[in-house]
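Okay, so here's the structure we're looking at.
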Amino acid sequence: MQAQGIAAVALPKSGDDATAIYHAKVREALTTVLQSWTESLEKKDSAAIASAYARNVRSLVGDGAEAVTPGAVVAQLYKTPLAGAQLTITVDDFDMSGEMAFVTCVLVAKSGPADSVPELVRSVFVFRFDDWHNRWQVREQIINLHGATEPGVPAQ
């Protein structure tokens, strides 16, 4: 845990589960990264979007070709209706193993008129802790634009 920038985590009191505390702090950090990412995508802030990604990122968005650099990921995202849309993100599941963390989430994207129904876009992000910069970065992402659903349509 020390190799992952865990110095900010206070030593637990007797009986506290240090692993559970660490997992909670990592989940909070990843949620913060994803929230900043959605805000940057709303504003179309290319530099801020690219900073969320590792140098060797892999990204699949919809039917597009795989992007393998932060700049290519930004270009890939700008070709989607997500860029400039009003976005919120909800984490569905979180797990981690060592310096890797796995997040499944739903992006709620509203790009139409005020009374339009937002789209729900299922996504998976794989994060890796960057020891050099002491932060979590997206290493892989899959954004399923084909699975976009409308909340008003019940599942069959």
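Residues in the range 33-42 that are in contact with a helix residue (DSSP H, G or I) (Cβ under 9 Å, 6 or more places away or on another chain) and either open to solvent by 70 Å² or more (accessible area, probe 1.4 Å) or not aliphatic (A, V, I, L, M) (or both): 36, 37, 39, 40.
The number of residues in the range 136-151 being open to solvent by 80 Å² or more (accessible area, probe 1.4 Å) and touching a Gly at 6+ places or on another chain (Cβ under 8 Å) comes to 1. Among the residues of the range 74-99, those identified as of a type outside the set (Gly, Ala, Ser), open to solvent by 30 Å² or more (accessible area, probe 1.4 Å) and in a loop (DSSP other than H, G, I, E, B) are 79, 81, 99. For the range 100-123, the candidate set comprises residues that are in a strand (DSSP E or B) and open to solvent by 60 Å² or more (accessible area, probe 1.4 Å); within that set, the residue that is farthest from residue 48 (Cα to Cα) is 119. Residue 128 meets all of the listed conditions (1) surrounded by fewer than 16 Cβ atoms within 10 Å (Cβ to Cβ); (2) among the basic types (Lys, Arg); (3) in contact with an Asp or Glu (Cβ under 9 Å, 6 or more places away or on another chain); (4) closer than 28 Å to residue 25 by Cα but one, namely (1).
Checked across the range 63-73, the condition of being part of a strand (DSSP E or B) and either surrounded by 13 or more Cβ atoms within 10 Å (Cβ to Cβ) or at negative phi (or both) holds for at least one residue.
The values are calculated or read from the model by the stated rules, or taken from the named source; none is laboratory data. Nothing here was measured: the structure is a model prediction, and the numbers come from that model. Using ideal geometry, Cβ is built from the backbone for each residue, glycine included, and neighbour counts are taken over all protein chains shown. All accessible areas refer to the heavy atoms of the entire protein, side chains included, with ligands and DNA or RNA removed. Shrake-Rupley method; radii C 1.70, N 1.55, O 1.52, S 1.80 Å.
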